[in-house]
1. Which of the numbered conditions does E84 fail, given that it passes all the others? Conditions: (1) modelled with pLDDT of 90 or more; (2) open to solvent by less than 60 Å² (accessible area, probe 1.4 Å); (3) out of contact with any strand residue (DSSP E or B) (no Cβ under 8 Å at 6 or more places or on another chain).
2. For the condition out of contact with any Phe, Trp or Tyr (no Cβ under 6 Å at 6 or more places or on another chain), in contact (Cβ under 8 Å) with a residue 40 or more places away in the chain, open to solvent by 70 Å² or more (accessible area, probe 1.4 Å) and assigned to a helix (DSSP H, G or I), what is the one hit in K89, K79, K108?
3. Filter the stretch 53-76 down to the residues that are surrounded by 13 or more Cβ atoms within 10 Å (Cβ to Cβ), part of a strand (DSSP E or B) and over 18 Å from the mean Cα position of the chain (by Cα) and list them by number.
4. Tell me yes or no: at least one residue of the stretch 43-52 is among the polar types (S, T, N, Q), modelled with pLDDT under 95, out of contact with any helix residue (DSSP H, G or I) (no Cβ under 7 Å at 6 or more places or on another chain) and part of a loop (DSSP other than H, G, I, E, B).
5. Given (1) modelled with pLDDT of 80 or more; (2) exposed (fewer than 15 other Cβ atoms within 10 Å of the Cβ); (3) closer than 24 Å to Y19 by Cα, identify the lone condition not met by L176.
6. Filtering the stretch 13-34 down to residues that are open to solvent by 30 Å² or more (accessible area, probe 1.4 Å) and in contact with a helix residue (DSSP H, G or I) (Cβ under 6 Å, 6 or more places away or on another chain), which residue is farthest from K89 (Cα to Cα)?
7. Looking for something farther than 16 Å from D99 by Cα, modelled with pLDDT of 90 or more and hydrophobic (A, V, I, L, M, F, W, C) - is there at least one such residue anywhere in the stretch 121-143?
8. Exactly one of these conditions fails for V10: (1) buried (at least 17 other Cβ atoms within 10 Å of the Cβ); (2) in contact with an Asp or Glu (Cβ under 7 Å, 6 or more places away or on another chain). Give me its number.
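The values are calculated or read from the model by the stated rules, or taken from the named source; none is laboratory data. On a predicted model such as this, the values are computed, not experimentally measured, just so you know. All Cβ positions, even for glycine, are placed from backbone atoms using ideal geometry, and neighbour counts span all protein chains on display. Ligands, DNA and RNA are excluded from the accessible area calculation, which covers all protein heavy atoms including side chains. Shrake-Rupley method; radii C 1.70, N 1.55, O 1.52, S 1.80 Å.
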Amino acid sequence: GYSIDNIKSVFEKDGENEYYSVYDYYYISSLGQLSLDITVVDQWFRPSKPSTYYANYTMSIDGEDVFMGDQLVMDEALKYLDKEIDLSKYDSDSNGIIDAVVLVTTLKIDGESDFYWAYRYWNYYTDSEDYYYEYDGVSANDYLWASYEFIHEDTLLTGDYSDTSIINPYTFIHELGHILGADDYYDTTYF
């Protein structure tokens with residue numbers, strides 16, 4: 001039931017849905033000043049271990065256990081893609097870092113754990129020589145992690161992700177906004 005065409009509809013120019021695609025939203029809201037160059041890979045990647053392994057994976061960094069399962073999945077995916085495509089072409093400002101990586105998972109949404117939710121984060125691997133990896137001469141830092149289920153999100157209030165006729169890029173637009181530098185403009189103190 002997962003469709004790469006639905007992911008393309010969410011991200012690419014002129015996505016065919018009742019909402020603006022990620023590309024369209026940022027192009028229109030920037031008055032044509034931001035034209036994102038988005039590539040949706042035409043294949044699925046399956047990590048080497050079950051999702052529960054990654055959901056519980058931590059590494060000790062500076063004496064503190066840090067959740068790293070999502071970053072481990074990203075590293076595996078980029079190592080896989082490194083053999084298939086030239087990842088250096090996704091470094092548009094030539095700073096040695098891929099501009100952004102978006103990982104769309106097939107995990108079920110669960111607000112009780114970040115691993116099963118949507119967020120933007122930074123890769124610890126680029127911040128420490130001990131965990132630094134390169135793919136085609138570039139590393140990865142900013143990334144967006146979100147479940148495919150968010151594509152079918154009816155509304156934020158109902159939390160219904162079952163209507164597969166709905167194509168809703170809202171969560172992906174929101175999280176990509178963080179990669180572009182935007183803060184959350186709602187009250188986050190209730191967490």
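1. (2)
2. K79
3. Selection gives M59, I61.
4. Taking every residue of the stretch 43-52 in turn, at least one turns out to be among the polar types (S, T, N, Q), modelled with pLDDT under 95, out of contact with any helix residue (DSSP H, G or I) (no Cβ under 7 Å at 6 or more places or on another chain) and part of a loop (DSSP other than H, G, I, E, B).
5. Evaluating L176 over (1) modelled with pLDDT of 80 or more; (2) exposed (fewer than 15 other Cβ atoms within 10 Å of the Cβ); (3) closer than 24 Å to Y19 by Cα leaves (2) as the failure.
6. N17
7. No, there is no match, as no residue in the stretch 121-143 is farther than 16 Å from D99 by Cα, modelled with pLDDT of 90 or more and hydrophobic (A, V, I, L, M, F, W, C).
8. (2)
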